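Coordinate-derived values only; no laboratory data. These numbers come from a predicted model, not from an experiment. Positions of Cβ are backbone-derived with ideal geometry, glycine not excepted, and every protein chain shown enters the neighbour counts.
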Amino acid sequence: MKAVVLLSGGLDSATVLYSAIASGDECYALSFDYQQRHQKELESAIAIAQSAGVIDRKIVSFDLRSWGGSALTDDKIDLPQERSLAQMSADIPVTYVPARNTIFLSFALAYAETIDAGRVYIGVNALDYSGYPDCRLDYIQAMQEVFRLGTKQGREGEAIKIVTPLIDLKKTEIIQLGNKLGVPWEKTWSCYAGGDKACGVCDSCQLRLAAFKELGLQDPVAYIC
């Protein structure tokens, strides 16, 4: 079956892509350049898509910097650093990009219906992140209904299915799954900062490093500290 896979270039989305391929789906990778602070992730998305041998890959470009509202699109907002897991889960952080997954899933839905795909994969995770509202199961369920009601395919046939293989996995479990699937971790990029090396102190780096450490593994990505 044809499938559109949202591929950011991060650890989670890379694992989702390799999982979709292992399931036998013909994968079409879709990435987004929204002028995010960490645009380096797009280089990783391209490298991962090439490594995985996807059928096709596309990058959709638009600019969210003029809207602001997030530390990932507004350089005036400082990235959270060196926070504990308890602090990360206390509230929705400034790294939340308003309605980002709704934007992404809308593009993915349009692309999927155009190429007659039956599935859209997204690497949302409700456990190891700070409670982003668009990474939770009730949100995915609501978007699934949008997929059904908002498309010709959904009204006249079988709705395109949103697939979330990581939603209930811990970060350590995601890494273990990726290891089984042969995900090239050295090609992935998780850091929210915009440097040549990962900062090691933003929320995303902290979660990634903690998971590799818990498993007794060395993260192959280069860090500043």
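Couple of notes before you dig in:
- One decimal place: the segment Leu127-Ala90 gains 12.0 nm when fully extended, by the rule 0.36 nm per residue minus the C-alpha distance.
- For the chain: relative contact order, % (alpha-carbon pairs under 8 angstrom, 6 or more apart): 25
- For the range 71-156: relative contact order, % (alpha-carbon pairs under 8 angstrom, 6 or more apart): 27
- Charge dipole (debye, nearest 20) of the chain; +1 at Cβ of Lys and Arg, -1 at Cβ of Asp and Glu: 140
- Taking every DSSP bridge with both residues inside the chain, close to 5 percent are antiparallel.
- Qualifying trypsin sites (Lys or Arg not before Pro) for the range 144-188 [loop in DSSP, other Cβ within 10 Å: at most 15]: Lys170
- Over all pairs of different C-alpha atoms, the range 2-214 has a mean inverse distance whose reciprocal, the Kirkwood radius, equals 17.4 Å.
- Where N is the number of residues in the range 50-104, Cα Rg divided by 2.2 N^0.38 Å: 1.51
- Sorting Glu158, Glu214, Glu41 from the fewest to the most surrounding beta carbons within 10 angstrom yields Glu158, Glu214, Glu41.
- For the range 27-81, the fraction of C-alpha pairs more than 18 angstrom apart is 41%.
- Per-residue ellipticity at 222 nm, computed for the chain from helices alone with -39500 (n - 2.57) per DSSP H run of at least four residues, works out to -11500 deg cm²/dmol.
- Given 15 as the ceiling on other Cβ atoms within 10 Å, longest exposed-site-free region of the chain for chymotrypsin sites (Phe, Trp or Tyr not before Pro) in DSSP loops: 68-225
- Selection from Ser70, Ala159, Ala52 lying farthest towards where the dipole of the chain points positive, charges on Cβ: Ala52
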